[in-house]
1. Small (Gly, Ala, Ser) and not in a helix (DSSP H, G or I) - does that describe any residue in the range 17-33?
2. Can we say SER60 is over 14 Å from THR154 (Cβ atoms), open to solvent by less than 50 Å² (accessible area, probe 1.4 Å) and among the hydroxyl-bearing types (Ser, Thr, Tyr)?
3. Of the residues in the range 168-181, how many are modelled with pLDDT of 85 or more and either more than 17 Å from the chain's Cα centre (by Cα) or open to solvent by 100 Å² or more (accessible area, probe 1.4 Å) (or both)?
4. Could you check, for the range 47-54, whether at least one of its residues is in contact (Cβ under 8 Å) with a residue 40 or more places away in the chain and open to solvent by 20 Å² or more (accessible area, probe 1.4 Å)?
5. Give PHE57, PHE64 a once-over and let me know the one that is closer than 17 Å to LEU164 by Cα, aromatic (Phe, Trp, Tyr) and in contact (Cβ under 8 Å) with a residue 24 or more places away in the chain.
6. Do you know which residues across the range 110-163 are touching a strand residue (DSSP E or B) at 6+ places or on another chain (Cβ under 6 Å) and either among the polar types (S, T, N, Q) or open to solvent by less than 30 Å² (accessible area, probe 1.4 Å) (or both)?
7. Picking from ALA55, ALA92, ALA79, which residue would you name as being more than 11 Å from the chain's Cα centre (by Cα) and under 22 Å from CYS124 (Cα atoms)?
8. Just need a number here: residues in the range 19-44 that are within 13 Å of TYR161 (Cα to Cα) and open to solvent by 10 Å² or more (accessible area, probe 1.4 Å).
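The values are calculated or read from the model by the stated rules, or taken from the named source; none is laboratory data. Values in this document were obtained by computation on a predicted structure and should not be read as measured data. Counting neighbours? That spans all protein chains shown, and the Cβs are built from the backbone with ideal geometry, glycine included. Note: areas computed on protein heavy atoms with side chains; ligands, DNA, RNA excluded. Shrake-Rupley method; radii C 1.70, N 1.55, O 1.52, S 1.80 Å.
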Amino acid sequence: MKTLLSSYKKSLYIRRALLALLVVLTALFQNTRGALLQVNGVRAMPLAVLVAVIALFERSLAGFFFGFLAGVLWDFASAGGDGFFAVVLCLAGFLCGAASSFLLRTNVFSALAASFVSILLTLCAYWFCFLFLKGYDPSAKLLLSYYLPSCFYTLIFAPIYYYLIKGLKNALDGPKRFVTD
């Protein structure tokens, strides 16, 4: 007896495969030297934004796993490779997805807010764990001159990813049908 996937499940699998491909491409884009414009030495970190926006659309569990994928790819490219970004982006994806389920509506403003929280969590946790706790002398200067400007610079990607993922979701799910009595 043959069982076929329902059209909803099929579009869900295709959408999630395309989102995983987008995570991989963003990781390549972020971790390739010279691929992103640097402003006064400040780099953008679009993986944190992408995790937050995916979590807004896909909810907490998918946000958790896409955060894990993005974090592992970021850890592969980082010098330490200790799993720090995998843990932090898992947490960020889960929190943004949970906020989307219980607090936020999915729109461009909530994407900006969730992206800012995700970037701030990621970069400030990195600063705290690897610079401040290790006693690096100008750690406060680095926080103000590199990490916080990087948060704002990275926010440029939030509307781009929001409309890209929204278009992908609408294209695969089809038009919404409202039932009226």
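1. Kept after step one, since they are small (Gly, Ala, Ser), are these residues of the range 17-33: 17, 20, 27.
In the following step, the residues that additionally are not in a helix (DSSP H, G or I) were identified as none.
No, the range 17-33 contains no residue that is small (Gly, Ala, Ser) and not in a helix (DSSP H, G or I).
2. Judged against the criteria, SER60 is a match.
3. Within the range 168-181, the first condition is being modelled with pLDDT of 85 or more, and the residues that meet it are 168-172.
Applying the additional criterion that residues be either more than 17 Å from the chain's Cα centre (by Cα) or open to solvent by 100 Å² or more (accessible area, probe 1.4 Å) (or both) yields 170-172.
So the answer is 3.
4. So the first thing to find is which residues in the range 47-54 are in contact (Cβ under 8 Å) with a residue 40 or more places away in the chain, and the list is 47-54.
Applying the additional criterion that residues be open to solvent by 20 Å² or more (accessible area, probe 1.4 Å) yields none.
No, the range 47-54 contains no residue that is in contact (Cβ under 8 Å) with a residue 40 or more places away in the chain and open to solvent by 20 Å² or more (accessible area, probe 1.4 Å).
5. Details: PHE64 fails: closer than 17 Å to LEU164 by Cα.
Exactly one residue qualifies, and that residue is PHE57.
6. SER150
7. On the way: ALA55 fails: more than 11 Å from the chain's Cα centre (by Cα); ALA92 fails: more than 11 Å from the chain's Cα centre (by Cα).
Residue meeting the stated conditions: ALA79.
8. The initial filter retains those residues of the range 19-44 that are within 13 Å of TYR161 (Cα to Cα), namely 19, 22-23, 25-26.
Then drop every residue that is not open to solvent by 10 Å² or more (accessible area, probe 1.4 Å), which leaves 22, 25.
Counting residues in the range 19-44 that are within 13 Å of TYR161 (Cα to Cα) and open to solvent by 10 Å² or more (accessible area, probe 1.4 Å) gives 2.
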